[in-house]
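Please read the structure below before turning to the comments.
Every read-out reported here was derived from the displayed coordinates using simple, explicitly stated rules and does not represent laboratory data. Please read all numbers here as calculations on a predicted model, not as lab measurements. Cβ sites come from the backbone with ideal geometry, for glycine too, and all protein chains shown count toward neighbours.
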Amino acid sequence: MTKKIFFCAFLLFGQNFLLSAQQRIVFKTGKIPAPIVSNGHIHLAGSFNNWNPADTAWELHTNNKGECQLMKTLPAGVYEFKITRGSWQTVECAVNGKSIDNRHLSVSHDTTLTLNIAGWHDSFAPTGKVHTASPQVHIINEKFDIPQLSRQRRIWIYLPADYGLSKRKYPVIYMNDGQNLFDAYTSGFGEWGIDEILDKMPTKEQSIVVGIDHGGEYRMTEYNAYESKFGKGRGDDYVDFIAKTLKPYIDKHYNTKPGARQTTIAGSSMGGLISMYAALKYSGVFGNAGVFSPSFWIAPDMYEFAKKKNVPVNSRFYFVCGDAESESMVTDMKKMADIILAKTQNRDNAPVVIIKGAGHNEKQWNGDFPGFYAWLIKGF
């Protein structure tokens, strides 16, 4: 009888255990173009390591057969990634030098993946990138001081078409990763196209958008308030800068509606993580948050922080991600949304949008932004 009970328990729980277990994945190189033989290391950058192109934990090493190889364990799920030689300037590309889509990896069991690389981006002459920012986009300062971090950063601003033609005041959206918002010339892998989206809208529905460039090598720590494998979190200093330095400057020099109800912070990935943190820490400053594909996996302490914070019932959070980003993305985002919903008791103020088949990239966020903005302006 005891054996039968044990066997039934194994059937009941064993399958779930196997599904949640880590799977062994071996990455090894196949065809590799020069100059990998003479210099550089091969790294994997993807949804499993927050797209860090120089992550030493995801570096392939030469085995006794002369192949570059890496063995990792991953939970079952779907992952996206690219291959680099340590930076986005040395990312893989097509045989003609053009950019390629992310690679996809579906993990359900132990497997070996052979990586054939067609070309390296830096092996080709730079393509003629052109500026795509609309006339409504301006640079406030190439080196705006961030006293909280003792650094400087480029700040962008989008002004509505009728700005300066009337005495109207405007809501303001503060957005992270400014390089990727308006201009294909400065973006790494495509822009959000915020300016083109707003340019098509009726003037009375347009807002001011302030873009803050990320800090390159400092991005992972500036966009995280907690310590991680990337170093000590500087997120508190970063959001202090937006709330206490940048926003007062914008309100003083531009025709804004300065109240929390008309002030929003938004971003994607790590930018979504720090936007969530800013809206929680400064709920009296940022009444709305656009949380796109947030990297909650790297800062699990955020959940406890959210539970302890006094979130006003009229605070608004828009959560959106794709279901093909990473194995935990949807679950992690819903977990945070549930915490917020328990506080606001208003599902309209904390919608959760899951885009079927969408990945972790600017193309997705460009498609997500109109829905977010339509929701946002209903509350102004």
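Data overview
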| item | result |
| --- | --- |
| Lysines whose Cα lies under 27 Å from that of LYS252, excluding same-chain neighbours fewer than 8 positions away | LYS143, LYS167, LYS169, LYS204, LYS244, LYS281, LYS378 |
| Compactness of the range 322-380 as Cα Rg over 2.2 N^0.38 Å, two decimals | 1.21 |
| Sparse-neighbourhood loop sites, trypsin sites (Lys or Arg not before Pro) in the range 121-199 - DSSP loop, at most 11 other Cβ within 10 angstrom | LYS129, LYS167 |
| Semi-axis lengths (Å, descending) of the ellipsoid that matches the C-alpha gyration tensor of the range 146-261 | 27, 18, 11 |
| For the chain, calculated [θ]222 nm from helices alone, where every DSSP H run of n ≥ 4 adds -39500 (n - 2.57) | -7500 deg cm²/dmol |
| Angle between the chain longest axis and helix 270-281 axis [Cα atoms, degrees, rounded to 10] | 50 degrees |
| Distance from the range 278-327 to the range 111-165 (C-alpha centre basis), Å | 25 Å |
| Compactness relative to 2.2 N^0.38 Å, alpha carbon Rg of the range 296-348 | 1.16 |
| Relative contact order of the chain, defined on C-alpha pairs under 8 angstrom at six or more residues apart (%) | 12 percent |
| Contact order relative to length of the range 313-380, as percent, for alpha carbon pairs under 8 angstrom and 6 or more apart | 42 percent |
| Cα gyration tensor of the range 234-380 - equivalent ellipsoid semi-axes, whole Å, descending | 23, 17, 16 |
| Largest to smallest principal axis extent of the C-alpha atoms in the chain, angstrom | 73, 66, 38 |
| The range 221-299: trypsin sites (Lys or Arg not before Pro) in DSSP coil with no more than 13 other Cβ atoms inside 10 Å | LYS229, LYS232 |
| Cα centre as origin, Lys/Arg/Asp/Glu Cβ charges: the range 184-279 dipole, Debye | 320 debye |
| Qualifying trypsin sites (Lys or Arg not before Pro) for the range 328-363 [loop in DSSP, other Cβ within 10 Å: at most 11] | LYS356 |
